[in-house]
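The values are calculated or read from the model by the stated rules, or taken from the named source; none is laboratory data. As the structure is a computational prediction, the values presented were derived from the model and not from experiment. Here the Cβ positions follow ideal geometry from the backbone for every residue, glycine too, while neighbour counts run over all protein chains shown.
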Amino acid sequence: MSIDYLYRQIIMDHYKNPYNKGLTEDKNYLTTNLHNPSCGDDVTVQVLVEDKIVKDIRQIGKGCSICCSSASVMSVTLKGLEINKALKTIDSFYNLLMNKPYDQELLKGDALAYSGVGRFPARIGCATLPWKAIEALIIKHKENNNG
């Protein structure tokens, strides 16, 4: 059994059974929606930050398996992290996709399943869409709360 096969299984598992799916009405969550016009992927991400910790992430998306599963993996990977560590983890994910060195202490588990996406440049936008959404929300939180 190849590593590519295992990674495909992880991606499909998150696509079929996503974590943290569904949005909340709680006004304490920051919310954003991003759309990829080139492929039609659409994702809405919510984040609750308390005491500089990512306490909760909610997500819902429509689109390809890469985008929707990536939203699930992102929510599991970043939940519980301090916001600066979360931003560094997001950067590590981007580096992984671009086949650049990434922080192996930060980026672990199911996120590594996307290591082969960089071989398909058109799919990088699919994988990064939910990560870009939460990155924007965390940056917005930092700006609104002086870091």
Test: residue 59 is touching a helix residue (DSSP H, G or I) at 6+ places or on another chain (Cβ under 9 Å) and over 22 Å from residue 23 (Cα atoms): no
Residue 76 vs. criteria aliphatic (A, V, I, L, M), within 18 Å of residue 108 (Cα to Cα) and modelled with pLDDT of 95 or more: yes
Residue identified as within 24 Å of residue 28 (Cα to Cα), free of Cβ contacts under 8 Å to residues at least 40 places away in the same chain and charged (D, E, K, R) among 88, 100: 88
Residue 54 being in contact with a His (Cβ under 7 Å, 6 or more places away or on another chain), closer than 17 Å to residue 140 by Cβ and at pLDDT 95 or above: no
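Collect the residues in region 2-35 that are among the aromatic types (Phe, Trp, Tyr) and free of Cβ contacts under 8 Å to residues at least 60 places away in the same chain, keeping them in residue-number order.
If the condition is that a residue be among the aromatic types (Phe, Trp, Tyr) and free of Cβ contacts under 8 Å to residues at least 60 places away in the same chain, then 5, 15, 19, 29 are the ones that fit.
Could you tell me whether residue 124 is without any contact (Cβ under 8 Å) to a residue 60 or more places away in the chain and either touching a helix residue (DSSP H, G or I) at 6+ places or on another chain (Cβ under 6 Å) or assigned to a helix (DSSP H, G or I) (or both)? Step through it out loud before you land on a result.
Working: without any contact (Cβ under 8 Å) to a residue 60 or more places away in the chain: yes; either touching a helix residue (DSSP H, G or I) at 6+ places or on another chain (Cβ under 6 Å) or assigned to a helix (DSSP H, G or I) (or both): yes.
Judged against the criteria, residue 124 is a match.
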Among the residues listed as 129, 112, 137, the single one being closer than 17 Å to residue 3 by Cα, surrounded by 15 or more Cβ atoms within 10 Å (Cβ to Cβ) and of a type outside the set (Asp, Glu): 112
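Only one of these is surrounded by fewer than 14 Cβ atoms within 10 Å (Cβ to Cβ), in contact (Cβ under 8 Å) with a residue 12 or more places away in the chain and either assigned to a loop (DSSP other than H, G, I, E, B) or among the hydroxyl-bearing types (Ser, Thr, Tyr) (or both): 38, 75. Name it. I'd like the intermediate steps shown before the answer.
Numbers: 75 fails: surrounded by fewer than 14 Cβ atoms within 10 Å (Cβ to Cβ).
Within the list 38, 75, the selection yields 38.
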Scope region 42-72; condition assigned to a loop (DSSP other than H, G, I, E, B) and in contact with a strand residue (DSSP E or B) (Cβ under 7 Å, 6 or more places away or on another chain); matching residues: 52, 63
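Determine which member of the set 28, 99 is out of contact with any strand residue (DSSP E or B) (no Cβ under 9 Å at 6 or more places or on another chain) and in a loop (DSSP other than H, G, I, E, B).
Result: 99 is the single residue among 28, 99 that is out of contact with any strand residue (DSSP E or B) (no Cβ under 9 Å at 6 or more places or on another chain) and in a loop (DSSP other than H, G, I, E, B).
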